[in-house]
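Just so you know, all these numbers are worked out from the coordinates, no wet-lab data involved. Bear in mind that the values here come from a model prediction, so they are computed numbers and not experimental data. All Cβ positions, even for glycine, are placed from backbone atoms using ideal geometry, and neighbour counts span all protein chains on display.
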Amino acid sequence: MATTKNNTLKLKFDSARKYAPALESKSAATIDARYDLFINGKFEKPQSKKYFSTINPATEEKLSEIADANAADVDKAVKAARAASDKYWKKMPASERGKYIFRIARMIQERARELAVIETLDGGKPIRESRDFDVPTAANHFFYYAGWTDKLAYAFPGKDPQPLGVAGQIIPWNFPLLMAAWKIAPALATGNTVVLKPAENTSLTALKLAEIIREADLPPGVVNIITGAGSTGAAIVNHPDINKIAFTGSTDVGKIIQRAIAGTNKKATLELGGKAANIIFDDAPIDQAVEGVINGIFFNQGHVCCAGSRLYVQESVYKEVVRKLKDRLETLIVGDPMDKNTDIGAINSKEQLNTINKYLKIGQKEGAEMYQANVEIPSKGFFCRPTIFTNVAQSNRIAQEEIFGPVLTIQTFRTDDEVIEKANNTPYGLSAGVWTDKGSKIFNLTTKLRAGVVWANTFNQFDPTSPFGGYKESGYGREGGLHGLAPYLNLG
Ligand code: ADP
């Protein structure tokens, strides 16, 4: 790169860094030294007698100790959920159930600041994201599904919607509280009881949600929150008295779950990996598109299954788009997630950072050209510079496999048909984005892209009223909206 260009970038880099730190206070969060399992309305010590540490990925400091539930603990939680289903939840008038769910939503709002701070400390995402997206969207899911509770007969006219019973729910680390809300709210609204397991490295906000559920005075056992790693998840999946599994996580574990429940009566929804294509046509508003691409892959550390990790740019605007992307990359602020200026926080765990670094090497070995923002990253904690790969071939692993980090591959295309084929050419099909001035192109692409969600001239927009889910190896079943109710119901 020419020196003048370097100087310009350095200037931009310096000006981005000129903001004085605007740190969110940790005092909003009370984190206990140790957390037990939330079973039958109470926090109980694990029968395993084991605990594991949860750390702050931005500092590597230990935050708390979390109970490691074994099969006996899972059994206790399932029994509590079954008893609560038979004794209270199924029998309760639907409008009463709705009031409890509404109360949880209100309490999440009241404790929003605390939840956002804990989410950021435990997961490493920027406080701006936890505060402005995760926590309010979690509350919105409870509000939204509270409204459906007594209207199920209208949602499914001519049917007799009945709850399935006990739902076992397993969630990942990228949106800990939001995923918990996403799973628990529709299950409760449809009259099911719940055993939920958060991811082992981000259990804290789910445990705070357990406190909220206790304070909301939900009948004991309606929601049970148990912590642990993969073996705890497997014990939920294999428990004979679970009626439904709702899982969000990796495609590999999704396949294990599918095999485990084959031949049983358990129903399942699986929301798995993704490798979303973001497509920029030459008639698109380029500046907005560039910002949308940055938002789609970098603002969340790439820790989103629907992240726009593959960019396809129409040949005539390729140079302009790449130049603008690189310029914008230099202004991104990577660092302390508790700083309100931060755009890219910490990678969630050392293992995940290792995976990302492995892919950076693979990409270079495959012959792609790597460009990383010239930003300083903290010496402690798990951080990754935002990275762009050009000169990428469709068959390259970096263009086919889910990296789950701030890494974007860029390729070109000439025609609609070519980009549709390239965009669909992955094992995944969770989401996609199209940037163009032409409504007709949007309609053409949205009908042909094999992705559960296609955003037009925007990216990563979420709303509780809108269904979300995948095609192919991205899973099956839909969550959110009216569609999110059906997988929790027996419709007769
Ligand atoms: P990610 O790659 O996003 O961490 P995983 O699929 O590994 O996704 O984890 C998602 C969730 O699944 C976590 O809560 C994890 O503990 C759980 N899990 C991992 N292995 C299993 C398994 N064999 N059965 C059930 N749950 C599992």
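Once you have a ≥ b ≥ c as the square roots of the Cα gyration tensor eigenvalues for region 51-128, tell me rounded if a/c is under 1.5, and otherwise prolate or oblate according to whether a/b is larger than b/c.
Values: a/c = 4.88, a/b = 1.42, b/c = 3.43.
Oblate is the answer for region 51-128, as a/c is 1.5 or above yet b/c matches or exceeds a/b.
From the Cα gyration tensor of region 277-456, with a ≥ b ≥ c the square roots of its eigenvalues, which class applies: rounded if a/c is under 1.5, or else prolate if a/b is larger than b/c, or else oblate? Please list the in-between numbers first.
Details: a/c = 1.75, a/b = 1.54, b/c = 1.13.
Note, shape of region 277-456 comes out prolate.
Compute the angle between helix 251-261 and the longest alpha-carbon principal axis of the chain, please, reported from 0 to 90 degrees and rounded to the nearest 10.
Taking Cα atoms only, the helix is inclined about 30 degrees.
What list do you get for Y476, Y488 if you sort them by fewest beta carbons within 10 Å?
Numbers: Y476 17, Y488 25.
Ordered from fewest to most neighbouring Cβ atoms within 10 Å, Y476, Y488 come out as Y476, Y488.
Determine, for V304, V237, V166, the number of other Cβ atoms within 10 Å of each Cβ, and report the residues in order from fewest to most. Write out the running numbers ahead of the final one.
Working: V304 21, V237 24, V166 27.
Going from least to most buried by this count: V304, V237, V166.
Can you tell me how region 67-111 classifies by the Cα gyration tensor, rounded, prolate or oblate, using a/c under 1.5 as the rounded cut?
Numbers: a/c = 6.21, a/b = 1.37, b/c = 4.54.
Taking the square roots of the gyration eigenvalues as a ≥ b ≥ c, region 67-111 is oblate.
If you line up the long axis of helix 94-110 against the longest principal axis of the chain, both from Cα atoms, how many degrees apart are they, to the nearest 10?
50
Neighbour counts of other C-beta atoms within 10 Å: give me D150, D437 arranged from fewest to most. Don't skip to the end; give the middle numbers.
Details: D150 15, D437 12.
The most exposed by this proxy come first: D437, D150.
Give the peptides 109-116, 34-41, 123-130, 349-356 in descending order of average Cβ contacts within 10 Å, highest first. Before the final figure, lay out the partial values.
On the way: 109-116: 19.1, 34-41: 21.2, 123-130: 27.0, 349-356: 16.8.
In decreasing order of mean packing, 109-116, 34-41, 123-130, 349-356 become 123-130, 34-41, 109-116, 349-356.
Compute the normalised compactness of the chain: alpha-carbon radius of gyration over 2.2 N^0.38 Å, N being the residue count.
Details: Rg = 22.6 Å, N = 492, 2.2 N^0.38 = 23.2 Å.
After normalising by residue count via 2.2 N^0.38 Å, the value is 0.97.
Residue by residue through region 426-432, which ³J(HN,Hα) values in whole Hz follow from phi under the Karplus form 6.51 cos²θ - 1.76 cosθ + 1.60 (θ = phi - 60°), with glycine and proline marked x?
Going residue by residue, I get 9, x, 9, x, 9, 8, 7 Hz, with x marking Gly and Pro.
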